[in-house]
Amino acid sequence: MNKLIPFLIACIIFVSCGIQKEAKDDSSAAVNVMAYYVPREGYMPDQLPLEQLTHIIFSFSKVIDGKMQFRNENADSIMKQLVAQKEKYPQLKVMIACGGWTADGFSDAVFSEQSRTKFIASTIDFIEKYQLDGVDIDWEYPAIPAGGTKARPEDKENFTLLMKGLREAMDQLDRPQTLTFASAGWKRYYKNVELLEVMKYVDYMNVMTYDQAGGGTTFATHHTALGHRSLADIAETPLGVAMTQQNAELPEGEDLWEPQSAEEIICFCVDKGVDPKQIVIGAAFYGRGWKGVPPENNGLYQTNTGPISGGTSYSVLLTDFTEDDGYEKHWDAAAKAPFLYNLADSIFVTFDDTVSVKLKTQYAKENNLGGIMFWQLSSDSKDEASLLKAIYTEASKK
């Protein structure tokens with residue numbers, strides 16, 4: 001899910017977008033809190049704050065020889081340890097995410113009825129082996145070659161057939177199963193899936209409302225903004241000027257370039273007819289940074305000379321990107337997102353913090369979304385600055 005995606009932006013969608021807000025009900029349940037999870041030292045199954053989650057999605061299994069399988073032999077024992085935690089946390093749903101960025105094999109695995117049957121049967125075997133509560137399909141992306149993956153036009157219909165087949169097979173199991181898929185946070189993706197057909201078979205669509213700017217983006221901008229901004233809002237900035245020029249050169253009928261945001265893509269999906277209760281908003285437990293960023297507007301929407309090197313997980317941002325290291329923290333009220341700027345080193349960093357994930361959780365509650373998810377749990381801190389703690393605290397409020 002942590003991917004380098006270029007800007008793929010489209011037409012303006014007004015923020016209100018028809019999502020029906022309901023009066024607050026003190027008896028209403030908290031929204032789902034779903035964590036994608038990649039194990040690492042210090043974040044093994046018995047070391048996780050599982051009481052703060054409704055779903056944990058182990059990442060990843062892969063499509064290998066047309067079947068769902070683990071590539072890493074250590075994953076088997078860790079998955080079993082994770083499922084064993086349900087004895088202590090019976091509310092927790094343990095799922096498997098199949099795929100991920102640069103994960104190939106989906107297009108071939110679902111190409112024919114025979115190959116789909118093989119993959120679906122292997123998925124059921126996988127669920128039964130580990131006694132899982134569901135599956136998340138992270139195909140990046142149907143009909144769009146990305147990260148070196150194979151894609152063909154038939155993927156659009158075959159993705160629907162895959163999700164239909166999975167739903168039917170999972171419903172035959174002796175316990176309830178949750179079926180989700182990871183969807184992109186940009187509009188071109190939705191031209192390549194039969195969105196409303198797919199939504200008939202899944203419980204939730206986990207919208208990756210991050211990677212709105214990848215490492216190769218030539219402008220320093222937000223990668224996980226909640227707040228909608230139109231092109232007019234940034235028109236005088238270098239990014240706005242570049243977008244305006246590109247729009248002028250586009251053939252008639254092509255999607256226009258616009259700043260991306262979670263509000264925009266969620267409104268887009270609701271306007272397409274998706275039930276808000278099936279939409280899960282995404283948060284990022286990692287940042288993106290660029291070097292060579294000039295100081296105007298504290299680097300926001302300015303040019304850059306390339307991505308910074310090194311890790312930018314949230315826990316690392318807290319320890320290595322501090323005021324003592326020359327980083328000043330800023331808040332963009334329009335984007336509802338924080339960013340860092342280092343004047344001495346000309347570095348700009350975009351990320352989610354406790355305030356922005358709280359606002360995303362509020363947005364999910366106020367707009368009756370299915371919940372909030374994030375990539376990924378072992379990038380969080382374990383102190384009072386924990387992003388999951390901020391999400392859980394807000395999600396639990398009546």
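Structure summary
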quantity	calculated
Local electrostatic count, Lys88, Cβ distance below 10 Å [Lys/Arg +1, Asp/Glu -1]	-2
Diffusion coefficient, µm² s⁻¹, Stokes-Einstein with Kirkwood Rh over alpha-carbon pairs of the chain at 20 °C and 1.002 mPa s	100
Links that overshoot a 19 Å alpha carbon limit, given the list Lys200/Lys277; Lys291/Lys329; Lys62/Lys200; Lys93/Lys382	Lys62/Lys200; Lys93/Lys382
Most mobile listed residue (Tyr286, Tyr314, Tyr189) in the chain, GNM with C-alpha springs under 10 Å	Tyr189
Most mobile listed residue (Trp101, Trp257, Trp331) in the chain, GNM with C-alpha springs under 10 Å	Trp331
Residue (of Leu340, Ile281, Gly311) at the positive-pole extreme of region 259-398, dipole from beta-carbon charges	Ile281
Nearest-20 debye value, the chain charge dipole, Cβ charges on Lys, Arg, Asp, Glu	700
Backbone N within region 342-385 under 20 Å of label point (7 Å from Ala146 Cα along the Cβ vector)	350-352, 372-377
Full-stretch length increase - Asp271, Trp331 - with 0.36 nm per residue and alpha-carbon distance subtracted	18.7 nm
Inter-part distance where region 148-201 and region 348-387 are each reduced to a Cα centre, Å	25
Of Lys129/Lys164; Lys118/Lys191; Lys156/Lys336; Lys129/Lys272; Lys80/Lys150; Lys80/Lys389, pairs whose Cα-Cα distance is over 29 Å	Lys156/Lys336; Lys129/Lys272; Lys80/Lys150
Prolate/oblate/rounded call for region 229-369, Cα gyration tensor, a/c under 1.5 rounded	oblate
Net charge of Cβ neighbours under 15 Å - reference Glu296; Lys, Arg +1; Asp, Glu -1	-3
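Here, each number is a calculation from the coordinates, and none is a lab measurement. Since this is a predicted model, take the numbers as computed values, not measurements. Because the Cβ atoms are built from the backbone with ideal geometry, glycine has one as well, and the counts that use them run over all protein chains shown.
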